[in-house]
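**Q** So that we are looking at the same thing, I have put the structure below in structure tokens.
The values are calculated or read from the model by the stated rules, or taken from the named source; none is laboratory data. Everything quoted here is computed from the prediction, not taken from an experiment. Positions of Cβ are generated from backbone atoms using ideal geometry, with glycine treated the same way; all protein chains shown enter the neighbour counts. Side chains included, ligands, DNA and RNA excluded: accessible areas come from the protein's heavy atoms. Shrake-Rupley method; radii C 1.70, N 1.55, O 1.52, S 1.80 Å.
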Amino acid sequence: MNTVIIDQQEALPSRSEGEPSTKTQPIVRYKGITKSFGELQVLKGIDLEIQTGEKVAVIGPSGSGKTTMGRMLMTLEEPTEGTIEVDGELLWHMQNKEKLVRADEKHLHRMRCNVGMVFQHFNLFPHMNVLRNVAEAPRKVLGLSKEEAEERAVSMLGKVGLADKLKMYPANLSGGQKQRVAIARALVMRPKVMVFDEVTSALDPELVGEVLAVIREIAEEGEMAMLLITHEMDFAKEIADRVIFSADGRIVEQGTPEEIFDHPKSERLRSFLQRFRSGGN
Amino acid sequence: MPNSWIDFLPTLLKGAEITVLVTIFSAILAIAAAFAAGLARLSKLWIIRTLAAVYVEVFRGTSLLVQLFWLYFALPFVGIELPKMLAAISAIGLNFGAYGSEIVRSAVLAVPKGQWEASVALNMKPWQRMFTVILPQATLRMLPPFGNQLVELIKSTSLVYFITMADLTYQAMVLRNNYIAWTTEILVLLLLMYFVIATLISVAVRLLERKLTVGRL
């Protein structure tokens, strides 16, 4: 058993600190997160809070660790140091007697129901048709009956505009359709926060629009917080409440879309935006 | 004296029946052993991984004929007497299971990592990930190599001749002893009968593969 012991004072959720109580308790809180792959440190200390229903976009050069941030929230990557809280509870750690230890599968399973994720490469299940791709988890994980699960899946597929493709298999769908199925599949689990990991990067340019339109619609519904890791600057500007610019494993700058895109403070962000704009956008 | 080669058929078919029976039961055992050992080698627990590795190396590293002799002739000395049929099925099944475990293991590893990740993101439990997402896809990858192994297995059943089971090969040898002048005909028939059984298996595996690929390009 891999036991991680962390200074208790640091690690435990401390809601009583002096900071003025914000309108809502954050749904996600990264505290001092680092991540190393062998010698390479991709995250060098991330502190970030996401409020309930808040849409946060993360931009930055590739290799800046943005994807790793999202994957940690989905429990696909374990932090090397630091803690992540979801809805006020530690995600990767749990209390064992007096110590904080690495969370076991049971704890992760309980915590994961708060989080959903859409992947760059869709990761649909190729051996299931569209309906089953979406209905499988509600049935097996949430324990709904077949009828309930399919009803929920059909209504979600209707929302992403694919109600007529229920019996199709992923191999017969376009990239944009695949990604919309993947969004429906994640949404149907009703997470409190959803990670969108460069969801349009693998799409042909003409298919990007239909996927962004679906995300925009979900964003307008409100309740669910979003962590959008993206290269679509215009889109980030349009739907994000807050934009994070990360580079070299750190959050370099953050603010409203206007602050980030129109009045960048750091040299790093200015040159990033400049390169991005001259890059044929 | 036989009038034509047709007269050999009833005897050979009687042998074929044994061959088919041994094939079916040892194939079932082989597949079960292959899945058990293949998945065990991917276990998080080192003890399970080690046990599986020992099984695979022992049964792959020694000859099938010796294993057959061992089960049939040596085990009685330690008080375990297996009937011929059971000894044959165990030896062939465990031997091919050892090879098959590598097919299972590599097919599971060949399922893209994104499939595991998607099943984690949907909060499936580890066994649900394996049985609803990974294995159905891995099984499809296993079919062609499994088909190969199965054909190989049919042909290996002729080794049971050496523990004097009355299989196809055994019957052909008996016929040849009695009608030495017909050796060519008898051996041609023997070839053909193995070929027919092997072909039936190949076709069945291909049909299964087609059925499982439904909807996929």
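**Q** Can you give the Rg to Rh ratio for segment B:144-217, taking only C-alpha atoms and Rh from Kirkwood?
**A** 1.16
**Q** For segment A:140-246, compute the orientation-averaged projected area of the C-alpha convex hull (one quarter of its surface), in nm².
**A** Convex hull of Cα atoms, orientation-averaged projection: 7.5 nm².
**Q** I need the Kirkwood Rh of chain A: take the reciprocal of the average 1/r across all distinct C-alpha pairs and report it in angstrom.
**A** With all distinct Cα pairs of chain A included, I get 19.8 Å.
**Q** Please work out the C-alpha center-to-center distance from segment A:74-146 to segment A:155-218 and express it in whole Å.
**A** So the two Cα centres are separated by 20 Å.
**Q** Under DSSP H, which helices of chain A have Cα atoms covering 24 Å or more of the helix axis and a Kyte-Doolittle average no less than 0.0?
**A** Within chain A the helices that satisfy the rule are A:205-221.
**Q** A follow-up question, please. At a Cα cut-off below 28 Å, give the lysines reachable from A:LYS265, other chains included and same-chain residues fewer than 8 away excluded.
**A** Of all the lysines, those that pass the test against A:LYS265 - Cα under 28 Å, at least 8 places apart if same chain - are A:LYS23, A:LYS31, A:LYS35, A:LYS44, A:LYS55, A:LYS66, A:LYS237.
**Q** B:ILE48 versus A:GLU206, label points 7 Å from Cα toward the beta carbon: distance in nm?
**A** Output for this residue pair reads 5.0 nm.
**Q** Quick one: putting +1 on the C-beta of Lys and Arg, -1 on the C-beta of Asp and Glu, what dipole do you get for segment B:5-213 around its Cα centre, in Debye to the nearest 20?
**A** 840
**Q** Is there a quick way to get the dipole size of segment B:124-203? I mean about its Cα centre, with the Cβ of Lys and Arg at +1 and of Asp and Glu at -1; what is the value in debye to the nearest 20?
**A** That gives segment B:124-203 a dipole magnitude of about 460 debye.
**Q** Taking amide hydrogens as modeled 1.01 Å from N in the peptide plane, which residues meet the under 5 Å criterion relative to A:ALA103, leaving out close sequence neighbours?
**A** A:HIS93, A:MET94
**Q** Around B:SER202, with a cut-off of 14 angstrom between Cβ atoms, what is the net charge of the other residues, counting Lys and Arg +1 and Asp and Glu -1?
**A** +1
**Q** Let me ask something else. In whole Hz, with x marking every Gly and Pro, tabulate ³J(HN,Hα) for segment A:243-258 from phi via Karplus 6.51 cos²θ - 1.76 cosθ + 1.60, θ = phi - 60°.
**A** 10, 10, 10, 10, 8, 6, x, 10, 7, 8, 7, 8, x, 5, x, 4
**Q** Another question, if that's okay. I'd like the orientation of helix B:168-178 relative to chain B: the angle between its Cα long axis and the longest Cα principal axis, in ° from 0 to 90, rounded to 10.
**A** 10
**Q** Post the alpha-carbon centroid distance, segment B:84-136 to segment B:149-217, in whole angstrom.
**A** Spelled out, the Cα-based centre of one part sits 28 Å from the other.
**Q** Within segment B:5-213, how many lysine pairs that are 8 or more places apart, or on different chains, have C-alpha atoms less than 23 Å apart?
**A** Summing the qualifying lysine pairs gives 6.
**Q** Then there is this: Could you work out how far helix B:84-110 tilts from the main Cα principal axis of chain B, as a 0 to 90 degree angle to the nearest 10?
**A** Roughly 30 degrees, rounded to the nearest 10.
**Q** Give the angle, between 0 and 90 degrees and rounded to the nearest 10, that separates the Cα long axis of helix B:46-61 from the longest principal axis of the Cα atoms of chain B.
**A** So the helix axis and the longest Cα principal axis differ by about 30 degrees.
**Q** Using modelled backbone amide H atoms (1.01 Å from N, in-plane), which distant-in-sequence or interchain residues come within less than 5 Å of A:MET226's amide H?
**A** The answer is A:GLU54, A:LYS55, A:VAL56, A:MET194.
**Q** Which cross-chain or sequence-distant (5 or more) residues have an amide H under 5 Å from the amide H of A:MET117, H modelled 1.01 Å from N in plane?
**A** Residues meeting the amide H criterion: A:VAL195.
**Q** So for A:VAL141, A:VAL28, what's the accessible-area order with a 1.4 Å probe, most first?
**A** Highest to lowest solvent-accessible surface, that is A:VAL141, A:VAL28.
**Q** Under 13 Å from the Cβ of A:LYS265, count the other residues' Cβ atoms, weight Lys and Arg +1, Asp and Glu -1, and hand me the total.
**A** With Lys, Arg at +1 and Asp, Glu at -1, the net is -3.
**Q** Return the average number of partner chain Cβ atoms within 10 angstrom of each residue Cβ along peptide B:123-134.
**A** Mean inter-chain Cβ contacts per residue within 10 Å come to 4.
**Q** So if the hydrodynamic radius of the protein assembly as shown is defined as the Kirkwood radius over C-alpha pairs, what does Stokes-Einstein give as its diffusion coefficient at 37 °C and 0.692 mPa s, in µm² per second?
**A** The Stokes-Einstein estimate is 122 µm²/s.
**Q** Grab the DSSP H runs of chain B that are 4 residues or longer, score each as -39,500 (n - 2.57), total them, divide by all residues and round the 222 nm result to the nearest 500 deg cm²/dmol.
**A** -24000 deg cm²/dmol
**Q** Using DSSP to call loops (not H, G, I, E or B), can you name the GluC sites (Glu not before Pro) in segment B:41-143 whose Cβ has at most 13 other Cβ atoms within 10 angstrom?
**A** For GluC sites (Glu not before Pro) across segment B:41-143 that sit outside H, G, I, E and B with at most 13 neighbouring Cβ atoms in 10 Å, the list reads B:GLU81.
**Q** With charges set only on the Cβ (+1 for Lys and Arg, -1 for Asp and Glu), what does the dipole of segment A:86-216 come to about its Cα centre, in debye to the nearest 20?
**A** The dipole magnitude comes to about 360 debye.
**Q** Sticking with this structure for a sec: In the protein assembly as shown, if the dipole is taken from +1 on Lys/Arg beta carbons and -1 on Asp/Glu beta carbons about the Cα centre, which of A:PHE122, A:ILE59, A:SER278 is farthest to the positive end?
**A** Checked the options; the winner is A:PHE122.
**Q** Something else: Looking at segment B:5-213 from every direction and averaging, what is the projected area of its Cα convex hull in nm²?
**A** 14.0
**Q** Per the helix-only calculation at 222 nm, which mean residue ellipticity applies to chain A, given -39500 (n - 2.57) for every DSSP H run of n ≥ 4 and division by its residues, nearest 500 deg cm²/dmol?
**A** The per-residue figure over chain A is -10500 deg cm²/dmol.
**Q** Then there's this: Just the Cα atoms of segment B:1-93, one point each, no solvent: what log10 I(q)/I(0) does Debye give at q = 0.11, 0.16 Å⁻¹?
**A** -0.47, -0.80
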